[in-house]
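What follows is one structure encoded as structure tokens, with my remarks underneath.
Every number in this text was worked out from the coordinates using simple rules, so none of it is lab data. Keep in mind it's a predicted model, so treat the numbers as computed, not measured. Backbone-built Cβ (ideal geometry, glycine too); neighbour counts: all protein chains shown.
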Amino acid sequence: MFEDAELGHSIDKATYRREVPPLRDALLEAQFELAQRKDFAVVLLINGVDGAGRGEAVNTLTAWMDSRYIETNAMGDPSDEERERPPMWRFWRALPPHGRIGIFFGNWYTAPIIDCVMSRKKHRMAALDRSIEEIRRFERMLAEEGMLLLKFWYHLSKPAQRKRLKSLERDPRLRWRVTKQDWQRFKLYDEFRAVSERALRHTSEAHAPWIVVEGVDERYRNLVTGKTVLEGLQARLQTPAGARAVTPVPAAPPVDAKDVINTLDLTRKLTDARYGGERERWQGTLNLLTRHKRFADHSVVAVFEGNDAAGKGGAIRRVAEAVDARQLRIVPIAAPSDEEKARPYLWRFWRHLPRQGHLTLFDRSWYGRVLVERVEGFCSEYDWRRAYSEINDFEEEMTRHGIVVVKFWLAISKDEQLRRFKSREHTSFKHFKITDEDWRNRKKWDQYVAAVCDMVDRTSTGLAPWTIVPANDKNFARIKVLKTLCTAMERELD
């Protein structure tokens, strides 16, 4: 992918002066159309050899365009806050909204490449390949969400890099750009080249190809960068919104009447007399687990889904009662805000992941895409079908970082739901709990059951299994939730 020696690309001053003004005008026009339409975002990844002019290229590009609609993220070593979350958390937080351009120095390629070169571990290439596959899936998801990905690699040959670094050191105005680390990495040029080439070769795909730019000539480098961004913007702006070239494959039809919902024993109960003792036992256990010395290196994400009126709120409160409020956050999920709609679907959930030593309880969650959005037609069939694998990736990233992921589906019968709906209508302090939407959803009971069964089948994994909770009896459901949460935490901490 990289040439052993530069091809000698260069642009003379006269040509550069002639081509830059119309390029700037066209870039601004495309940028303003992007900002006005707000139907997709742009991410520029800036990578390459030290001294190849990455910073200068970006500075020139941002000078040519309107800085109000560009967000530049220079990401070095992660902060303490960032280290306490999965590695991708800080990149998710910085994704630009629709209508904006986000530039990333120090992105999701940086650490895997550097770690592979600097590590002397036996399995370092296997670790790199795993990171590459994760990156491929992540970028595919961003592209599926409509994001335009432009990935630049600024390259210099080994002799050219040495010459460039020495030239910068000789210039009193620019010598600050060359650090001890640059020279240390120069000594490992061949290793960096081999690892980088492997990463680029396996991640240059149709939806996110790499653009390798020779970095010797400044004018050439700037024009290639500007024209590539312009062509990418213009091509996307000319593409009809929502255009889809892939037709989803239909799921296998059911051949019998058995599924995880209708085979569930909803008659299970716990008497009030037993409930009090069990509640005290498991709440006490949960409290002790949150004060366990090893919990400081872990966190908990608990997902609460279920039928309307199944008792999610009551179950969440019983968990919250057992935990120090300083360690706990409850995140209620409703319809997405404009800010959330302007970013990839999972963005609003990534941003709420807890720090180590903390718990986050999601009242509804990312599973809305394969439940309410599927049933109500709020997203396309293709989008909710691809969401299963994206959700599994999300949860795998959490568990690999030491987050205990516990997922509950609270299930009640159709008759029990009707009884609870009517009770809410006739109880003054529960009126707010029953809405016209609840009654509309009830009419689609069978469709929701089918969606739940598919959800459990596709996303109940060894790392993050679903717990189906019979919830006709609230006592039984609440103890089941507390016990399951404690068991999951004990397994991780022990």
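Extension gain Ala127-Glu191, at 0.36 nm per residue separation less the Cα-Cα distance, in nm?
Going from the current span to full extension adds 21.5 nm.
Ranked highest first by average number of other Cβ atoms within 10 Å, how do 205-211, 193-199 line up?
Top of the packing list down: 193-199, 205-211.
Return one quarter of the surface area of the convex hull spanned by the alpha-carbon atoms of the chain, equal to its mean projected area, in nm².
Across all orientations, the chain yields a mean hull projection of 28.0 nm².
Compute the length gained on full extension between Lys258 and Arg37: take 0.36 nm times their separation in residues and subtract their Cα-Cα distance, giving the result in nm to one decimal.
That works out to 74.8 nm of additional length.
Arranged by the count of other C-beta atoms within 10 angstrom, fewest first, what order do Glu381, Glu134 take?
Going from least to most buried by this count: Glu381, Glu134.
Name the aspartates and glutamates eligible as straight-distance cross-link partners of Lys269: C-alpha to C-alpha under 15 Å, and not fewer than 8 places from it in the same chain.
Partners within reach: Glu278, Glu416, Asp473.
Take peptides 38-50, 424-436, 80-92, 276-288 and line them up by average Cβ neighbours within 10 Å, highest first, as a rough protection proxy.
Result, highest mean first: 38-50, 80-92, 276-288, 424-436.
So what's the angle, to the nearest 10 degrees on a 0 to 90 scale, between helix 158-170 and the longest Cα principal axis of the chain?
Result, in degrees: 80.
Given the pairs Lys38/Lys433; Lys293/Lys433; Lys341/Lys480; Lys38/Lys227; Lys341/Lys483, which span a C-alpha to C-alpha distance of over 30 angstrom in this model?
Flagged as over cut-off: Lys38/Lys433; Lys293/Lys433; Lys341/Lys480; Lys341/Lys483.
Once Lys and Arg get +1 and Asp and Glu get -1 on their Cβ, which of Thr435, Thr267, Gln356 lies farthest toward the positive end of the dipole of the chain?
Value computed over the given set: Gln356.
What's the magnitude of the charge dipole for the stretch 272-493 around its Cα centre, counting Lys and Arg as +1 and Asp and Glu as -1 at the beta-carbon? Answer in Debye, nearest 20.
Its charge dipole is roughly 660 debye.
Among residues other than Glu19 whose Cβ falls under 15 Å from its Cβ, what is the net charge (Lys/Arg +1, Asp/Glu -1)?
The answer is +2.
Restricting to Cα pairs below 8 Å that are 6+ residues apart, what does the relative contact order work out to for the chain? Please round to a whole percent.
Once divided by the residue count of the chain, the mean separation gives 19 percent.
Can you give the angle from 0 to 90° between the axis of helix 474-493 and the longest principal axis of the chain, with both taken from C-alpha atoms, to the nearest 10?
Here the helix axis deviates by roughly 40 degrees.
Please report how far the C-alpha centroid of the stretch 367-395 lies from that of the stretch 159-188, rounded to the nearest whole angstrom.
49
Enter the Cα centre distance for the pair the stretch 22-84 and the stretch 256-322, rounded to the nearest angstrom.
The stretch 22-84 and the stretch 256-322 have Cα centres separated by 46 Å.
Let me have the 222 nm mean residue ellipticity of the chain computed from DSSP H runs of 4+ only, each contributing -39500 (n - 2.57), with the sum over all residues rounded to the nearest 500.
Numbers: 20 runs with 247 residues, N = 494.
So the helix-based figure for the chain works out to -15500 deg cm²/dmol.
If you put +1 on each Lys and Arg Cβ and -1 on each Asp and Glu Cβ, how big is the dipole of the chain around its Cα centre, in Debye rounded to 20? Spell out each step's value before the answer.
On the way: 85 positive and 73 negative charges, 225 e Å.
Dipole of the chain, to the nearest 20 debye: 1080 debye.
For Thr62 and Lys13, compute 0.36 nm times the residue count separating them, minus their Cα-Cα distance, and round to one decimal in nm.
15.6 nm
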